[in-house]
Amino acid sequence: MTADELAARLREGAVTLAFDTNAVYRDRRLNALCDRIAWHNLRLAAEGRAPVRLVISAVAYTEKLFDLKQRWRATFNLDVILDGLRSKGIEVQPFDARHALETAARLGERYPSDAAWQRAKRDRCLQCLGLPPSAVQAPGTGRTCGATVDWHIGGHARAEGCMLVTDDTDPELGGLLDRVGLDTLDAALCRLSDEPA
C-alpha cells in the first residue's frame, strides 16, 4: 500500500491500526505518529467521521512489557506504561478464543499438512539464525521448534479487521492481512497534515 492510498483510507476515518511489536519499540517515533493521528482525529470529528483507532494486541504488548522490564528492572512501573498508552490513545486488546480461531484457520490455510507446518517452523528457526533454509543441511524436522508470536499478532489483526502497522516482512504476517510500514504511515499522515482544514 502506498502512502497516497493509505492517506485516502485515513481521510475517510473508521480505520483501526494495530501495532506490531517492532512498531512500538521506537518510543519517540511512536509518540510522534500517535500525536499526528490525534490531530487527524480532531479533523475527522469536526467532519462527523469516525476516528482512527489505535490498538495493540496483548501478544505484542507482552513483548513490549518484557523489553521494558529488562530495561528498567527494579524501577519498572506498569502504571506509567498504562498511563502512556492511554495518553496516546492506544488500547490494549486481549487475545481471546476468536483470535485463536482466526490464527489457527490462517495457519491451516497456509500449512495444510503437519509436514508443511513443521517445515515452516524449522525454516523460521533457521532464518532467525541468519541461515537460508534452502542452503542449510540441518538435521531435524522442526517438530521441536516453537511457533512465533508473529502468527498470533497477525491472527489478532485479521480477526479484528485491523491494518497492521509493522516493518516486519516475514511470511508469518502474510496472507489476507492489510499491513503498512512505519515510513508509509508517517508519509500518509504528513500528507494529511499538509491538507487545508
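With kT/(6 pi eta Rh) evaluated at 4 °C and eta = 1.567 mPa s, and Rh the Kirkwood radius from Cα pairs, the range 29-69 diffuses with a coefficient of 109 µm²/s according to Stokes-Einstein. Taking the chain as a Gaussian network of alpha-carbon nodes connected by springs under 10 Å, the highest mean-square fluctuation of the residues Trp151, Trp39, Trp72 belongs to Trp72. What translational D, rounded to a whole number of µm²/s, comes out for the chain from Stokes-Einstein when the hydrodynamic radius is the Kirkwood one over Cα pairs, at 37 °C and 0.692 mPa s? Rounded, D is 180 µm²/s. Placing +1 on the Cβ of every Lys and Arg and -1 on the Cβ of every Asp and Glu, with no other charges, gives the range 1-159 a dipole of roughly 240 debye about its Cα centre. One decimal place: the segment Ala58-Leu101 gains 13.9 nm when fully extended, by the rule 0.36 nm per residue minus the C-alpha distance. Of the residues Cys34, Cys128, Cys162, the one that moves most in a GNM of the chain with alpha-carbon contacts below 10 Å is Cys128. Entry note, the chain: the mean residue ellipticity at 222 nm calculated from DSSP H runs of n ≥ 4, each adding -39500 (n - 2.57), is -17500 deg cm²/dmol after division by the residues and rounding to the nearest 500. For a quick check, take a GNM of the chain with Cα springs below 10 Å and name the residue from Leu30, Leu82, Leu54 with the largest mean-square fluctuation. In this elastic network of the chain, the residue with the biggest mean-square fluctuation among Leu30, Leu82, Leu54 is Leu82.
Any read-out appearing in this document is the output of simple, stated calculations on the displayed coordinates, not a laboratory observation. Being a predicted model, the structure only gives us computed values, none of them experimental. Every residue, glycine as well, gets a Cβ built from its backbone with ideal geometry; the counts of neighbours run over all protein chains shown.
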